[in-house]
């Protein structure tokens, strides 16, 4: 059987890729994708722990389902906002969306 | 095996059901019969909140679980729920005339306020990290949409995008932290998690410490603690003022409720280290918030930095853990009246179609609008912590709890910070009364609902300041009953 550590490493690597995406990219859609990747890496953790640490309970798996729904809602609102901003300013770069700098 | 209805104990979840149900009803009625004024939606929202409030008030100090253990109906949860519901009701009153004036009167506004409140209620009463996370996201996603509510306004849209991107980022940290705590303890239920951590001891479990650190980062973003505060000034300034008012209070109440419960129920064995970490954040938050507030020249942005600093003060008592819980609760109750009142005055005075209220616009208003100006002065004095207002009593108990728990140096830093804050709060009062207006502001008529909200806020600030005993006893008794 694949040991628990492998899952944890995979999830940590995904989390870091997402983190890099959020911090390094200037495109709002790419930042949103980075954040979604981070959320999904946590889901891998939850499912793996459910299997290895808390075998028998379903809390971890149920949590993952909830998280997928939450992430979808967040992405829907996020994309709607990005679309609204693109329509008025013709850009999705967070550097050019800077009315509120202070 | 499926849980039976009696295990679900739906009766205890009436506050959430009433609030979320009223929200859905508003959406439904608006979609089916949408014409004319949307004032009915505000009244329906108030009705839903009133039902929830009645249910919260009448529930005694018992500690039981509802929804098969996902939520806790105990003193702590009910008390924070009460503060949240009062804040939501005041926000509805504040928004009614403002939305009409800005020609954005739509029923979804009230539905979204209710959904956000339902999320906050879930956080306040959560006995399960799943419930904390779902509550947090329900609150946050509703607030993202509310921030963008003035669809034609570029600043509003931009604030919402900034809030959403940083909020999603913070949620990911929070969720990853939850996953690690789940791995460390094998459960998501707070009570069982606390037991597991106590039994296992806290020495050198990387899962536990990693989880705690990530959860504090996630909560830190939501509470706009320094160094996770960068979104707050822009979002507070860009969002519609009525939304800023609600957001500055509701998200703080809900996040502090969850934080206090985590500290008391789950992390009590790990207290030395979590306290040190939170103390560091408190010092940074108070100091940076106050220093940046000194440099502002616009009221909304000033209040944004002020609310960052206020979160720092509250954190001082949270550092004290169980000892400080009652102080946190009492201060948040006072803060709800004070901050909502201050933002209500800002929204009554700001120009139509413009969220900003530069300091120069305040000049001379002390005599042109004596009542509202007196109210704003009262709120600012309370935020400073002047005696005879709730801010003074609240701060006394916040810092007293820190001293009691042995954090004297932290209390001293907090008092010094309050002195610094007096400078920028009182400067507004001085401008209102001492300076002549160069270009007098064309003032709108404040509506009746706004007047009622202001009167309630002012009465709350004065009454809680003059006779704090009753509320303090209530806070102490409430936090003593925690499901654990």
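The values are calculated or read from the model by the stated rules, or taken from the named source; none is laboratory data. Please read these numbers as outputs of a predicted model, since none were measured by experiment. Every residue, glycine as well, gets a Cβ built from its backbone with ideal geometry; the counts of neighbours run over all protein chains shown.
A compact table of results
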| quantity | calculated |
| --- | --- |
| All positions within segment B:30-50 that are farther than 15 Å from residue B:105 by Cβ and modelled with pLDDT under 95 | B:31, B:32, B:33 |
| All positions within segment B:151-188 that are over 22 Å from residue A:29 (Cα atoms), more than 7 Å from chain A (Cβ to nearest Cβ) and surrounded by fewer than 24 Cβ atoms within 10 Å (Cβ to Cβ) | B:177, B:184 |
| Lone unmet requirement of (1) surrounded by fewer than 20 Cβ atoms within 10 Å (Cβ to Cβ); (2) closer than 29 Å to residue B:129 by Cβ; (3) touching a helix residue (DSSP H, G or I) at 6+ places or on another chain (Cβ under 9 Å) for residue B:9 | (3) |
| Hits in segment A:83-102 (condition: facing chain B (nearest Cβ under 7 Å) and assigned to a helix (DSSP H, G or I)) | A:84, A:85, A:88 |
| Any chance residue B:264 is in a helix (DSSP H, G or I), in contact (Cβ under 8 Å) with a residue 12 or more places away in the chain and buried (at least 24 other Cβ atoms within 10 Å of the Cβ) | no |
| Meets criteria (in contact with a helix residue (DSSP H, G or I) (Cβ under 7 Å, 6 or more places away or on another chain) and farther than 27 Å from residue B:326 by Cα) for residue B:157 | yes |
| Out of B:388, B:416, B:410, sole residue that is surrounded by 18 or more Cβ atoms within 10 Å (Cβ to Cβ) and out of contact with any strand residue (DSSP E or B) (no Cβ under 7 Å at 6 or more places or on another chain) | B:410 |
| Matching option when the condition is surrounded by fewer than 16 Cβ atoms within 10 Å (Cβ to Cβ), more than 7 Å from chain B (Cβ to nearest Cβ) and free of Cβ contacts under 8 Å to residues at least 60 places away in the same chain, among A:79, A:14 | A:79 |
| Close pairs from segment A:56-70: first under 14 Å from residue B:186 (Cα atoms) and more than 9 Å from chain B (Cβ to nearest Cβ), partner assigned to a helix (DSSP H, G or I) and at pLDDT below 95, Cβ under 7 Å, at least 6 apart | A:61/A:47; A:61/A:50 |
| Count of residues meeting criterion [without any contact (Cβ under 8 Å) to a residue 60 or more places away in the chain and outside any helix (DSSP H, G or I)] in segment B:31-45 | 3 |
| Residue in segment B:424-436 that is under 14 Å from residue B:314 (Cα atoms) and assigned to a loop (DSSP other than H, G, I, E, B) present | no |
| Out of B:342, B:348, sole residue that is touching a helix residue (DSSP H, G or I) at 6+ places or on another chain (Cβ under 8 Å), buried (at least 20 other Cβ atoms within 10 Å of the Cβ) and within 30 Å of residue B:324 (Cβ to Cβ) | B:342 |
| Any chance residue B:90 is assigned to a helix (DSSP H, G or I), within 14 Å of chain A (Cβ to nearest Cβ) and crowded, with 24+ Cβ neighbours inside 10 Å | no |
| Total residues in segment A:32-55, condition within 8 Å of chain B (Cβ to nearest Cβ) and either out of contact with any helix residue (DSSP H, G or I) (no Cβ under 8 Å at 6 or more places or on another chain) or in a loop (DSSP other than H, G, I, E, B) (or both) | 2 |
| Per-region count, segment A:17-28, residues more than 9 Å from chain B (Cβ to nearest Cβ), surrounded by 15 or more Cβ atoms within 10 Å (Cβ to Cβ) and part of a helix (DSSP H, G or I) | 1 |
